[in-house]
Protein chains: 2
Amino acid sequence: MNEAVALQFPVNIGDASAATGVSAKMIRHYEEIGLIPPANRTQAGYRVYSEADVHMLRFIRRARNLGFSVKQIEGLLGLWRDRRRASSKVKALAQEHIAELDARIREMTEMRHTLEHLASRCHGDDRPDCPILEDLSSGGPADIAQARGTNRRGRHS
Amino acid sequence: MNEAVALQFPVNIGDASAATGVSAKMIRHYEEIGLIPPANRTQAGYRVYSEADVHMLRFIRRARNLGFSVKQIEGLLGLWRDRRRASSKVKALAQEHIAELDARIREMTEMRHTLEHLASRCHGDDRPDCPILEDLSSGGPADIAQARGTNRRGRHS
DNA sequence: CTTGACTTTCCAACCATGGGAAGGTTGAGG
DNA sequence: CCTCAACCTTCCCATGGTTGGAAAGTCAAG
């Protein structure tokens with residue numbers, strides 16, 4: 001149905017956006033922060049995008065969908081454009097990102113775990129007592145080291 | 001060693017921070033956004049915190065450690081203070097948050113999966129060919145519906 | 001009094017994104 | 001030719017949670 005009527009290049013930002021799934025706002029933003037080079041302009045000042053530009057935007061969206069940061073995408077784009085790149089560099093970037101994902105997943109899984117545990121012991125009825133609040137209220141296992149009893153200039157003598 | 005010299009209340013923001021693990025910056029921020037009531041002040045304008053205040057700040061930090069948003073903590077604090085609360089409300093809040101965690105974990109796990117798959121097929125040597133870039137460059141399975149062939153006002157006639 | 005560790009407020013940045021205002025451009029249809 | 005809607009432009013603001021710094025005031029110890 002949406003047979004995609006094959007847009008003819010170059011296109012305006014709206015078409016570029018629709019063709020790539022990157023919002024016009026974000027396309028401008030990426031240009032502003034230098035992730036993509038400044039677009040060509042019509043005499044009226046409208047940005048115009050070539051097929052290659054659209055290709056690049058799609059690349060960016062896909063990388064974002066995989067959770068790469070803009071910083072990382074900058075690197076990926078550089079490698080993408082460099083036909084003499086070493087695939088090891090790409091792989092390293094990917095693995096760096098995988099490690100980040102792992103860290104975040106681990107962190108959140110731990111939270112989920114603790115929370116699940118607490119919730120499972122909460123009656124969940126109209127009585128007020130609740131292990132969740134009790135834990136938050138006073139020191140579950142996860143507490144942070146205490147320091148500084150009173151300021152060095154404390155009034156202790 | 002850090003036998004915590006038992007600070008005497010009320011305390012300054014620095015001591016409150018050290019005693020709770022919430023940075024002074026964030027304590028002021030929480031006050032500003034109304035998560036906590038405005039602290040009492042000395043004549044000089046220094047914020048002072050009672051033992052109860054410190055308790056509340058610890059509560060907040062623990063909730064944050066579990067990944068609750070400030071919005072959610074607002075709710076938790078309300079329930080915490082309400083001795084006639086129904087534990088069901090607390091549980092509901094917790095489960096709402098668990099669901100959010102689940103969603104994010106699922107999302108990131110999926111990313112990790114895809115990425116891992118691609119990375120495993122990348123030689124990672126000095127040759128340039130790399131399935132990671134190839135996938136980003138042209139349509140892995142995750143692509144977004146295309147719309148709008150050309151603007152409605154397109155030059156098609 | 002000086003020193004330095006504290007405190008205050010204010011302003012800005014991060015990251016990625018969205019919202020909206022005010023104004024210019026385009027092209028189709030009347 | 002004029003009007004109207006749908007585009008486009010730039011600009012500023014907001015989100016969420018946190019950190020950073022600057023400029024200035026306070027406080028206690030030496």
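The values are calculated or read from the model by the stated rules, or taken from the named source; none is laboratory data. What you see is a predicted model, and the numbers here were worked out from it, not measured in a lab. As a convention, Cβ positions derive from the backbone with ideal geometry for all residues, glycine included, and neighbour counts pool all protein chains shown. In case anyone asks, the SASA skips ligands and DNA or RNA and just uses the protein heavy atoms, side chains included. Shrake-Rupley method; radii C 1.70, N 1.55, O 1.52, S 1.80 Å.
Quick notes
- If you sort the three axes of the alpha carbon gyration tensor as a ≥ b ≥ c, you get a/c of 1.5 or more for the range A:1-73 and a/b no higher than b/c, which makes it oblate.
- Interface burial in the range B:51-92, defined as at least 40 Å² less accessible area with all protein chains than with the chain alone at a 1.4 Å probe, covers B:Phe59, B:Arg61, B:Arg62, B:Leu66, B:Arg85, B:Ser87, B:Val90, B:Lys91.
- Rounded to the nearest 0.05, the FRET efficiency derived from the C-beta distance between B:Asp129 and A:Glu116 at R0 = 51 Å is 0.70.
- The label point for B:Val48 and the one for A:His55, both projected 7 Å from the Cα toward the Cβ, are 7.0 nm apart.
- Label distances, nm, A:Ala99 versus same residue in remaining copies, Cβ-directed 7 Å point: 3.7
- Heavy-atom accessible area, 1.4 Å probe, ligands and nucleic acids excluded: residues of the range B:18-32 down by at least 10 Å² from chain alone: B:Ala18, B:Ala19, B:Gly21
- Pairing chains B and A buries close to 6500 square angstrom of accessible surface in total, based on protein heavy atoms and a 1.4 angstrom probe.
- Qualifying GluC sites (Glu not before Pro) in the range B:1-99, where qualification requires a DSSP coil assignment and no more than 16 other C-beta atoms within 10 Å, comprise B:Glu3.
- Closest approach to the axis - chain A beta-carbon, rotation onto B, Å: A:Ile105, 3
- Ranked by the mean number of other Cβ atoms within 10 Å of their residues, highest first, the peptides B:39-48, A:83-92, B:59-68 come out as B:59-68, A:83-92, B:39-48.
- For the range A:1-92, the solvent-accessible area works out to 55 Å² per residue, with a probe of 1.4 Å and every protein chain left in place.
- Test item: A:95-102 mean partner chain Cβ contacts at 10 Å: 4
- Couplings 3J(HN,Hα) for the range B:35-52, derived from phi with the Karplus relation 6.51 cos²θ - 1.76 cosθ + 1.60 (θ = phi - 60°), are 5, 10, x, x, 5, 5, 10, 6, 4, 7, x, 5, 6, 10, 10, 7, 4, 4 Hz, where x marks Gly and Pro.
- Plainly put, the tip 7 Å out from Cα toward Cβ on A:Glu31 is 4.5 nm from that tip on each other copy, the closest given first.
- Here A:Arg81 and A:Arg41 are evaluated by their C-beta separation; at R0 = 30 Å the FRET efficiency comes out at 0.85.
- Label points for B:Val48 are taken 7 Å from Cα along Cα→Cβ. From this copy to the others they lie 7.1 nm apart, shortest first.
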